[in-house]
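Notes to accompany the following structure.
What follows is calculated from the coordinates using simple rules that are stated; it is not laboratory data. Quick caveat: nothing in here was measured; it's all calculated off a predicted structure. Cβ sites come from the backbone with ideal geometry, for glycine too, and all protein chains shown count toward neighbours.
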Amino acid sequence: MASVDPDLRDMFFILIPILSLAAIPLMGPSMARMSGWAKLAVAYSTSRECAGFKLQGRRGQFGKWMGYKGILTLGVDSEGFYLSVIWLFKSGHPSLFFPWKDIQAREERMWMRDWVVLEFTQVPGVTFALHKNDVLKLNGQDGSFKIA
């Protein structure tokens, strides 16, 4: 049985983490297309910052399967709802702003948790779900989330 060159083995353990970190920004645009973020960005992309209340490190889900776990920033102000990702995943994920008039919200139970599912008038067919507790925290600041 042939043995592996120790220098090659050491290089392998150094290269794998580096290549993994390099791959994250490359995966961003693919994630955005698969999730629906890219479709939402066509209508709701924004460069302005949320001036209101923000929750960081939150999770959300597009459709039934595409989850964003712990990388979202959710924000509300009197004009609407903001959504963005942490810097590491920014590639393909511009910040989004949804005016309140464009949002329809309903409660739904998924994966043994209570969620609020959002639909957007300018992009039919794309849904985004966030934990109901996060909506309650956001609503406590502004009261603008109207849940059907």
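Some observations on this one:
- Two-decimal Rg/Rh across the chain, once Rg and the Kirkwood Rh are taken from alpha-carbon atoms: 1.12
- Each residue, Asp114 and Arg59, gets one label point 7 Å from its Cα in the Cβ direction; the gap between the two is 1.8 nm.
- Compared with the direct C-alpha span, the chain from Ser47 to Arg33 gains 3.1 nm at full extension, assuming 0.36 nm per residue.
- Across the cross-link table entries Lys90/Lys132; Lys39/Lys69; Lys90/Lys137, which are compared at the Cα atoms, the separations over 23 Å belong to Lys90/Lys132; Lys90/Lys137.
- Taking each residue as 0.36 nm, the span from Arg106 to Leu26 lengthens on full extension beyond its C-alpha to C-alpha distance by 25.4 nm.
- For the chain, the longest principal axis of the Cα atoms and the long axis of helix 6-35 meet at an angle of about 20 degrees.
- Label reach from Gln122 (point 7 Å along Cα→C-beta): in the range 39-53, amide nitrogens under 14 Å belong to 39-48.
- Inter-probe distance in nm under a simple model that places probes 7 Å from Cα toward Cβ, at Leu19 and Ile147: 4.5
- Packing-based exposure ordering (other Cβ within 10 Å, fewest first) of Asp77, Asp114: Asp114, Asp77
- The packing ranking of peptides 54-60, 11-17, highest mean first, is 54-60, 11-17, where packing means the average number of other beta carbon atoms within 10 angstrom of each residue.
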